[in-house]
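The values are calculated or read from the model by the stated rules, or taken from the named source; none is laboratory data. The structure displayed is predicted, hence computed values, not measured ones. Quick reminder, even Gly has a Cβ in these numbers, built from the backbone with ideal geometry, and neighbours come from all protein chains shown. With ligands, DNA and RNA removed, areas are computed over all heavy atoms of the protein, side chains included. Shrake-Rupley method; radii C 1.70, N 1.55, O 1.52, S 1.80 Å.
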Amino acid sequence: MIGWLGNAYPWVKAAHLIFVIFWMAGLFMLPRFFVYHQEDGLSGPQAQRWVERETKLKNIILNPSLIIVWVLGLMLAANSGLFSGAPGLGWLHAKLALVVLLSGFHGWAVGYARALANGRARLAGRTLRLINEIPGVAVTLIVILVIVQPF
């Protein structure tokens with residue numbers, strides 16, 4: 001199955017990268033929204049505006065981007081021979097592990113948005129600010145793995 005994308009490969013790769021950028025933008029924004037949402041209070045008109053913003057971010061950017069990133073990424077992985085047992089793809093295994101963890105972070109963020117919408121803040125603002133760094137660290141490691149391919 002190696003090379004099955006043919007001439008479409010650079011287009012699929014470009015689309016994958018574009019939607020990774022959209023997904024990461026959303027993952028950078030949503031925890032920051034949580035901080036502002038909690039600081040403004042969990043009830044009242046301002047809180048409702050934050051719920052609307054968070055919902056739009058999830059429905060318009062985050063969730064569609066996650067799906068497209070996974071579909072295109074699996075196509076690229078298959079094209080590289082990941083499912084055919086091609087050698088030298090340790091970096092891709094590590095990248096996929098990080099993407100699975102980042103997808104878990106996405107799921108956590110969606111769940112936390114739901115909790116805030118229901119008036120339940122489980123984390124302090126300082127903790128949310130620290131959590132906001134997780135996507136940046138993950139994407140840094142992913143880019144290094146993809147460009148350097150250290151193993």
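For the range 3-45, which residues satisfy the criterion of being in a loop (DSSP other than H, G, I, E, B) and closer than 28 Å to Leu76 by Cα?
Gly3, Trp4, Leu5
Return the total of residues in the range 77-88 being open to solvent by 20 Å² or more (accessible area, probe 1.4 Å), in contact (Cβ under 8 Å) with a residue 24 or more places away in the chain and of a type in the set (A, V, I, L, M, F, W, C).
Total satisfying the criteria: 2.
Hey, Ser65 hits all of (1) exposed (fewer than 14 other Cβ atoms within 10 Å of the Cβ); (2) touching a Gly at 6+ places or on another chain (Cβ under 9 Å); (3) not charged (D, E, K, R) but one; which does it fall short on?
(1)
Of the residues in the range 89-133, how many are hydrophobic (A, V, I, L, M, F, W, C), surrounded by 14 or more Cβ atoms within 10 Å (Cβ to Cβ), out of contact with any Phe, Trp or Tyr (no Cβ under 6 Å at 6 or more places or on another chain) and over 22 Å from Phe151 (Cβ atoms)?
10
Pairs, please: C-beta under 6 Å, at least 6 apart or cross-chain, first residue on the phi > 0 side of the Ramachandran plot and in the range 103-120, second surrounded by 14 or more Cβ atoms within 10 Å (Cβ to Cβ)?
Taking only residues 6 or more apart or on different chains, the pairs are Gly119/Leu42.
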